[in-house]
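> Structure in structure tokens, see below.
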Amino acid sequence: MSRTARVERTTAETKVLVELDLDGSGQADITTGVGFYDHMLHQIARHGGFDLTVHTVGDLEIDAHHTIEDTSLALGTAFDQALGNKIGIRRYGSATIPMDEVLVRAAVDLSGRPYVVHDEPALAPYIGPVYPTSMTRHIWESFGQSARLTLHVSVLRAARPGGHPDAHHVVEAQFKAVARALREAVAIDPRSAGAVPSTKGLL
């Protein structure tokens, strides 16, 4: 069974192409014009074990908001489509990821019900020249909405005693944790072959 998707999303503000293979090997071809966001999407591919292509052209002359938002929505739609009827998947996944001084926990339920909880400390306003750190929450909300999943992301530790959070580490650890949680949740469970993991009979 092929668990792949191709999503094209075109608006007056952006043009997005996403191609996704849930059973890939972590290969990525990503260009959004927002360097740090590209780096984060590479984490989703590598640590999720997904083959992922993302090509976005957006109105960066205004700011990065539309580019990041629309890419996140298209990525979520691709996950939802690639999962299909969700027969045989594990459904739930979680990961706790350290990155030097930072510790992040992510938990996923491929429930069909969009709900996102996101907890992180106050961070410097930008990572690099273009990526606003305020967008991280919006990425998870946009992704969760269009992927129709429940997602909890919590930064458990963000800085060494007496120090300030390193925004790069805090955000990157979130993407790695979410990728690992997704990897577990989308995996086929040999004990549930041919069944949807829900007493309702659908997700």
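The values are calculated or read from the model by the stated rules, or taken from the named source; none is laboratory data. All values derive from a computational prediction rather than experimental measurement. Because the Cβ atoms are built from the backbone with ideal geometry, glycine has one as well, and the counts that use them run over all protein chains shown. Side chains included, ligands, DNA and RNA excluded: accessible areas come from the protein's heavy atoms. Shrake-Rupley method; radii C 1.70, N 1.55, O 1.52, S 1.80 Å.
> Report, ordered by the first and then the second residue, all pairs with beta carbons closer than 6 Å, sequence separation of six or more or different chains, a first member in the range 50-64 that is closer than 15 Å to LYS15 by Cα, and a second member that is open to solvent by less than 60 Å² (accessible area, probe 1.4 Å) and assigned to a strand (DSSP E or B).
VAL54/VAL18; VAL54/ILE30; HIS55/LEU17; THR56/VAL16; GLY58/THR14
> Whether any residue in the range 141-155 is charged (D, E, K, R), open to solvent by 30 Å² or more (accessible area, probe 1.4 Å) and on the phi > 0 side of the Ramachandran plot is what I want to check.
Yes, the range 141-155 contains a residue that is charged (D, E, K, R), open to solvent by 30 Å² or more (accessible area, probe 1.4 Å) and on the phi > 0 side of the Ramachandran plot.
> What do you reckon, is THR136 open to solvent by 10 Å² or more (accessible area, probe 1.4 Å), modelled with pLDDT of 95 or more, part of a helix (DSSP H, G or I) and under 30 Å from ALA12 (Cβ atoms)?
Judged against the criteria, THR136 is not a match.
> Can you name every residue in the range 169-203 that is assigned to a loop (DSSP other than H, G, I, E, B), out of contact with any Asp or Glu (no Cβ under 8 Å at 6 or more places or on another chain) and of a type outside the set (Asp, Glu)?
ALA187, ALA193, GLY194, ALA195, VAL196, SER198, THR199, LYS200, GLY201, LEU202, LEU203
> Can you find a residue that is at pLDDT 95 or above and out of contact with any Leu (no Cβ under 9 Å at 6 or more places or on another chain) anywhere in the range 154-162?
There is at least one residue in the range 154-162 that is at pLDDT 95 or above and out of contact with any Leu (no Cβ under 9 Å at 6 or more places or on another chain).
> Please work out if ILE127 is over 17 Å from ALA95 (Cβ atoms), over 16 Å from the mean Cα position of the chain (by Cα) and open to solvent by less than 30 Å² (accessible area, probe 1.4 Å).
The answer is yes for ILE127.
> Give the residue, chosen from LEU41, LEU60, LEU52, that is in contact with a helix residue (DSSP H, G or I) (Cβ under 7 Å, 6 or more places away or on another chain) and either among the basic types (Lys, Arg) or closer than 19 Å to TRP140 by Cβ (or both).
Only one candidate qualifies: LEU52.
> If you check LEU203 against the conditions, is it at pLDDT below 95, surrounded by 14 or more Cβ atoms within 10 Å (Cβ to Cβ) and not polar (S, T, N, Q)?
Judged against the criteria, LEU203 is a match.
> Further, regarding this structure: Does GLY35 satisfy the condition of being touching a Pro at 6+ places or on another chain (Cβ under 9 Å) and within 18 Å of LYS176 (Cα to Cα)?
Taking the combined requirement at face value, the residue satisfies it.
> Within the range 161-173, is even one residue open to solvent by less than 10 Å² (accessible area, probe 1.4 Å), of a type in the set (A, V, I, L, M) and touching a Lys or Arg at 6+ places or on another chain (Cβ under 7 Å)?
Taking every residue of the range 161-173 in turn, none turns out to be open to solvent by less than 10 Å² (accessible area, probe 1.4 Å), of a type in the set (A, V, I, L, M) and touching a Lys or Arg at 6+ places or on another chain (Cβ under 7 Å).
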